Amino acid sequence: MGVIKKRRDFLAMRGADKAQSRSFLMLARKNPENQGAVRLGLTVTKKIGDAVVRNRIRRRLRAAAREAFPDAARAGTDYVLVARKAAYDRNYAAVLDDMKRALLSLARNTT
RNA sequence: CCAGACGGUCGGACGGCCGCCGGCCUCGUCUUUGGGCGAAGCGGGAGGAAAGUCCGGGCUCCAUGGAGACAAGGCGCCGGGUAACGCCCGGCCGGGCUUUUUAGUGAUAAGGGGCCCGAGGGAAAGCGCCACAGAGAACAAACCGCCUUCUUUACGAGGGUAAGGGUGAAAAGGUGCGGUAAGAGCGCACCGCCGGACCAGUAAUGGAACGGGCAUGGCAAGCCCCGCCUGGAGCAAAACCGAAUAGGGAUAGCGCGUCCGCCGGCGCCCUUUGGGCUACGGCGUGACAGGCAGGUCUUCGUGCUGAGCUGUCCGGGUUGGUUGCUUGAGGCCGCGCGCAAGCGCGGUCCUAGAGGAAUGGCCGUCCCUCAGCGAUGAGGACAGAACCCGGCUUACAGACCGUCUGGCGUU
RNA sequence: CGGAGUGUAGCUCAGCCUGGUAGAGCACUGUCUUCGGGAGGCAGGGGCCGGGUGUUCGAAUCACCCCACUCCGA
């Protein structure tokens, strides 16, 4: 699973398909340059908390994605997760469930 | 045993499964032999504040090192520690709280002890400010008073005075006696103040013979004076490799000089198939002026440059890799010196190096806190390395150790 | 990560350098004017000056330490 790093790629997500949950907002967009690979980008803004909180959220979301993506993610797609405050202390099983539901919902809607 | 203050140490422990970062090593594979990719194994992987960015350094660039002047900024009792500091340690002085002794009926005064706090040079170098109130706020002044003189008298005018009243943050020594028209350091005693031989101490400072009737209000975290310190930027510094573009344009200021050698050469001259002089042009591991440095200037040495240099503005390309990047004023242990901060010697250890940024997810046992009779349940402070050190400041659940103070219990 | 700034009335700002009274515009309240509203006139309320400590007789102002926000950068 690749990582989205460049600002350009994040900006390209504008207008992409969305799926909301208590712990995050998920954006998905097919990217022909990926050659079938799945890429993940994480956004955790300073509004959410200090460095400790932001780091923990990033790690929890990454752990959940590692578990959920292999089964549910569509090939050749860029995903971006915009974290919400709940991702810090929400039960891990619930976060994992949020992610699976979001992936399913996007798989139905995306063209 | 409990409570408090101060100082110090630690800041959850162990294990399992699946992952992340970088290191070592092995294997496989590809290769343009530099290396790339993949897999297995071994061991490592956040802090005491990693934070705020408030000081001090190292390191890198501005060509480089030194000296001086000015400007700007900072620091400021003394001694020590340190690479250095605005930090730390010890002392001095001042202030606050408390306790105790002496004097006194008492208010209080003086001395001693303990704890805490202090950005603490100079206000008789100069300038400035001191609102309101008050007569007067810094070469003193005179509102009410007090005393006195004059006019017939007086709530009038003049003079003397600074005790008393009142104002204020602050009113130009205090108390007492003498003295006087009333008063006043006018005189005297005690206290305070100023100067101070000499003594103690490295010093700050303390003590003090003696002298002086007292002259000197406060503010320098106002300007300032004195002494000391400091060039500017910052690892997004900077260097190398690769790619890309045009090392681009505009504008302002200063400068573009001399000599020597060689070559060409207009012209001229001579003793004519050679040589000399020379306008000009070109070249030089040539020489010298000149230029190139940080806030400004001067100066010396070195270096570069020597025809360009400097300032301001506008525009364009690249957003790849490597180095810097972790061994350091380093940690731990022992001995010695020192009241201490700390220093010296010996031994021992190597302990994160990412780059849109790695330490995570789940589970079990134990520890601690809270709730509950219990089964059990909920929770685990502040907070995340980004070039590296020394400090300061701020945040912080809880645990442990030491010293001191107070209380209770037992002997 | 590094470097600059700004916090004053409900809003936008002045006052700070050179310390003693906190002020302007808009908004708000009352009133006059109008048949009514708006505009306009008059009167009025509203601030422990981001927080703390210090210097001073006295601090929005000077100094130091925190908190929040904004801007800049190869």
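See the values below:
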read-out	value
Qualifying positions in segment A:69-86 - not hydrophobic (A, V, I, L, M, F, W, C) and not in a helix (DSSP H, G or I)	A:Arg74, A:Gly76, A:Thr77, A:Asp78, A:Tyr79, A:Arg84
Selection within segment A:41-56 - in contact with a helix residue (DSSP H, G or I) (Cβ under 7 Å, 6 or more places away or on another chain) and either within 7 Å of RNA strand B (Cβ to nearest atom) or farther than 11 Å from A:Val82 by Cβ (or both)	A:Leu42
Close pairs from segment A:4-20: first among the aliphatic types (A, V, I, L, M), partner within 9 Å of RNA strand B (Cβ to nearest atom) and at pLDDT 75 or above, Cβ under 6 Å, at least 6 apart	A:Ile4/A:Gly41
Among residues of segment A:79-106, those that are touching a Phe, Trp or Tyr at 6+ places or on another chain (Cβ under 9 Å) and either farther than 16 Å from A:Arg58 by Cα or exposed (fewer than 15 other Cβ atoms within 10 Å of the Cβ) (or both), counted	3
Some residue of segment A:47-68 being touching a Leu at 6+ places or on another chain (Cβ under 8 Å) and not in a helix (DSSP H, G or I)	no
Conditions (1) modelled with pLDDT under 75; (2) more than 8 Å from RNA strand B (Cβ to nearest atom); (3) not aliphatic (A, V, I, L, M): number failed by A:Asp17	(1)
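The values are calculated or read from the model by the stated rules, or taken from the named source; none is laboratory data. Remember, it's a predicted structure, so these values are computed and weren't measured experimentally. Note that we place each Cβ from the backbone using ideal geometry, even for glycine, and neighbour counts take in every protein chain shown.
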